[in-house]
Every structure is written in structure tokens, then in C-alpha cells.
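Worksheet: the structure to be examined is printed underneath.
The values are calculated or read from the model by the stated rules, or taken from the named source; none is laboratory data. Only a predicted model underlies this, so the values are computations on that prediction, with no experimental measurement involved. In this analysis, Cβ positions are derived from the backbone assuming ideal geometry, glycine residues included, and neighbour counts consider all displayed protein chains.
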Amino acid sequence: MIGRRGQRRIASRALGFTLAEVLVAVAVTSFIGVVVASTLSVGFKAKEVVEVEADLFRELRSGMGRLTREISMAFLSNNYDTSRYRDNQDRPTFFEGRERTIAFTMLGHQRLTRDAKESDQSVVFYKVDRDPDERRMTSLLRCEIPVITEEIKECEAWQTLVSDVSQVTFAYWDNTKDDWVDVWDTRENEYPNKLPDRVRIELMGKDERGKDQKYVTQARINLVTPLGM
């Protein structure tokens, strides 16, 4: 039999927790909270890294895709007024490829305004220079002249194609040498009437951690000989 004192002890224990039990419960709850907070923090940081990486590669894929697509549509034409243009050094269609810059006439222009006096032919320029929107960094820039004129002047409306690019390097495949060359200019005597079969593009950009990363691709030109139209 349990006496009255024993009944009082049992009744007092049933009414609440001891101080030690409360401290243990608080410690366990705090530990679980720290673990959950740490897990969420790591998850959010991983999410930010993935988003930055996705944005970086989306811009890179879009920009490099446009560059290779437009290079593949480069063309020359023998259909020009010989009384106005003396030879290949003077004709309006051209391909001027350097190690750090490239400019050429292409068959890929898209008219953006209705009734514009433009065709699918245009002149495009690419280079790495100060970003027009963020002067503290350099980017891969693109400029287009929508009409092939008698005298191609320096393009002025430069736009950012791939941001935060420190360098771009072009190389041109010469079938006769079976090697890459650094310069291909149809207005010079070495390559007067022929485009390179391929153009190699090496772009030095940034990865998701902000470190330098090289990206390499190639563009194959579809029309390497001059058109008769």
C-alpha cells in the first residue's frame, strides 16, 4: 500500500517536468533548430549558385550560338558593278577576320521594322571591348549595319552579346596549309575569292565562382566561294 506521502510525490510528478527534463528538452529543440537552419542555409546558397550558373551558361549559349550562326551565313558575291568597284579589294562584300576581331557580310539579317528598305544581307562586327552598360568590365560586343553600302564605315551601335568577357580569339582553317591561321582577309591578295571552311572561337569568360574559364567552339561556313548573284 502507498501512504499519503507517496501519493503526494506521484501527484506532484504528474503535474509537470523537472528542471533537468526541461533543460534537456530545450537543448534537443535548439539542436534540431540549428540543424534545420544550417540545412536551409546550405540549400539557399546552393540554389543561388545554381541560378547564377544557369544564367551564365544561358547567356553564353545564346551569345555563342548567335555568333557561330552568323559566321556560318557569311558570304561573298561576284555580282557587283565592275565600273564602280575595281577588284576584290574594293567590292562591297567581304570577310575580314583578325585574331581579336571579325567583320563580314552575311545572309542572316532580320528586318525589325515594317517596310524597312533592307534585305537579308548585312554587315556584322564582333570584338571585345568596354561594356556600354557597365564600363568597369569588358564584354563581347556585336554591331550590325543593316544595309551593305558602297563605303562601310566604323559601326557605332554596339550591343553586349556576352557580358564579362576578357578576351576572344579567332582562328581560320586554311585547307591549302592544313592548319589554322590568325588572319583571313578577302580584301588582301592571299584570300581574294574564298572564305575559310571553319572559324574557331575561343572565349575567355567567367565561371559561376568568378574565375577565368575558357570556352571553345567552331563555326562552319556554308558558302565558301563567291555567289554569282
Could you run through the range 188-205 and say how many residues are in contact with a Lys or Arg (Cβ under 8 Å, 6 or more places away or on another chain) and of a type in the set (D, E, K, R)? 3
Listing of strands (runs of 3 or more DSSP E) fully contained in the range 114-165 that carry 2 or more residues being at negative phi and in contact with a His (Cβ under 9 Å, 6 or more places away or on another chain): 122-130
Pull up the range 173-216, narrow it to residues that are loosely packed, with under 14 Cβ neighbours inside 10 Å and polar (S, T, N, Q), then point me to the one that is modelled with the lowest pLDDT. Asn189
From Arg8, Arg84, grab the single residue that is modelled with pLDDT under 70, more than 28 Å from the chain's Cα centre (by Cα) and more than 30 Å from Phe125 (Cα to Cα). Arg8
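Residue by residue, here is whether (1) basic (Lys, Arg); (2) more than 24 Å from the chain's Cα centre (by Cα); (3) under 19 Å from Glu70 (Cα atoms) holds:
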residue	(1), (2), (3)
Leu140	no, no, yes
Ile148	no, yes, yes
Cys155	no, no, yes
Thr176	no, yes, no
Arg187	yes, yes, no
Glu190	no, yes, no
Asn193	no, yes, no
Pro196	no, no, yes
Tyr215	no, no, yes
Being in a helix (DSSP H, G or I), exposed (fewer than 14 other Cβ atoms within 10 Å of the Cβ) and at pLDDT below 65: is that true of Gly65 here? no
